[in-house]
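Reviewing the structure listed below.
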Amino acid sequence: MEKAIGETRLGVLQGDITQQTTEAIVNAANSRLLGGGEVNGAIHRAGGPRMMAECARIRLRQGGCPPGEAVLTSGGNLKAKYVIHMVGPIWRGGNYGEETVLRNAYLNSLRLALAYKIKTISFPSISTGAYGYPIQEASTIAISVTKEFLQQYAGLAEVWFVLFSPEDFRVYNEALRTCQ
Ligand code: AR6
């Protein structure tokens with residue numbers, strides 16, 4: 001499903017983020033900006049050596065990317081022109097600031113998109129795989145922080161959440177449907 005937030009289409013779809021044709025896709029990265037499993041592995045394989053070299057340069061320059069922050073590289077061999085590498089929190093039970101870190105990570109990715117005049121962007125479900133964030137809570141935060149951002153700042157034409165599994169798709173759809 002999708003909703004119009006000001007001039008932006010905010011939508012949820014089921015699919016593989018590496019195949020998206022939005023100008024930017026977001027990677028569920030780790031702080032070292034090294035390849036890993038799941039989305040990160042898939043994006044690094046599809047992005048290829050140029051994207052990995054850019055990650056290595058950022059690592060050399062600033063030591064990586066802490067949780068809650070995001071950095072931008074080209075998309076390498078991907079269809080997307082840019083990859084925003086966003087580091088979400090590792091879930092440790094919910095009392096260690098995980099929600100704030102997740103919100104900041106989404107906000108910083110959206111800010112980077114605006115700074116680079118990116119018009120269309122796709123997010124995966126950050127932190128809900130290897131990092132263990134319960135998807136119900138994470139989806140509510142992801143949708144609400146994005147919606148709040150779009151209500152405040154114009155410039156983005158399309159923001160998509162791309163979910164791999166039918167169950168994750170259902171949960172995000174529900175979060176979008178019920179968000180105020
Ligand atoms: N397209 C869209 N979603 C996908 C895809 C895909 N191709 N593949 C998996 N997912 P995760 P995290 C979903 O673990 O929890 C990495 O190893 C998947 O089903 O990729 O933020 C990094 O190196 C899940 O729902 O991200 C980090 O160390 C969601 O993407 C760490 O894992 C996120 O799962 C980051 O963990």
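Quick notes on this structure:
- Residue pairs whose Cβ atoms lie under 7 Å apart, sitting 6 or more positions apart in sequence or on different chains, and linking a residue in the stretch 18-32 that is among the acidic types (Asp, Glu) to a partner that is in a loop (DSSP other than H, G, I, E, B), are 23/80; 23/81; 23/118; 23/119.
- So residue 28, is it closer than 21 Å to residue 139 by Cα, within 13 Å of the ligand (Cβ to nearest atom), at pLDDT 95 or above and crowded, with 21+ Cβ neighbours inside 10 Å: yes
- For residue 73: the one exception among (1) in contact with a Cys (Cβ under 8 Å, 6 or more places away or on another chain); (2) among the polar types (S, T, N, Q); (3) surrounded by fewer than 16 Cβ atoms within 10 Å (Cβ to Cβ): (3)
- Residue 129 meets the conditions (1) small (Gly, Ala, Ser); (2) closer than 20 Å to residue 3 by Cα; (3) assigned to a loop (DSSP other than H, G, I, E, B); (4) in contact with a strand residue (DSSP E or B) (Cβ under 8 Å, 6 or more places away or on another chain) in every case but one. The failed one is (2).
- On the stretch given as the stretch 53-65, residues that are within 13 Å of the ligand (Cβ to nearest atom) and either surrounded by fewer than 20 Cβ atoms within 10 Å (Cβ to Cβ) or more than 15 Å from the chain's Cα centre (by Cα) (or both) total 2.
- Whether a residue is farther than 23 Å from residue 158 by Cβ, touching a Pro at 6+ places or on another chain (Cβ under 8 Å) and either within 16 Å of the ligand (Cβ to nearest atom) or not in a loop (DSSP other than H, G, I, E, B) (or both) was assessed, and residue 68 passes this test.
- Among the candidates 130, 142, 115, 154, the residue that is within 25 Å of residue 71 (Cβ to Cβ) and without any contact (Cβ under 8 Å) to a residue 24 or more places away in the chain is uniquely 115.
- Pick from the stretch 116-155, criterion of a type in the set (Lys, Arg) and open to solvent by 30 Å² or more (accessible area, probe 1.4 Å), ranking: nearest to the ligand (Cβ to nearest atom): 119
The values are calculated or read from the model by the stated rules, or taken from the named source; none is laboratory data. All figures in this text were calculated on a predicted structure; none of them were measured in a lab. FYI the Cβ positions are ideal-geometry reconstructions off the backbone, even for glycines, and counts take in every protein chain you see. Protein only, heavy atoms only, side chains kept; ligands, DNA and RNA dropped before computing areas. Shrake-Rupley method; radii C 1.70, N 1.55, O 1.52, S 1.80 Å.
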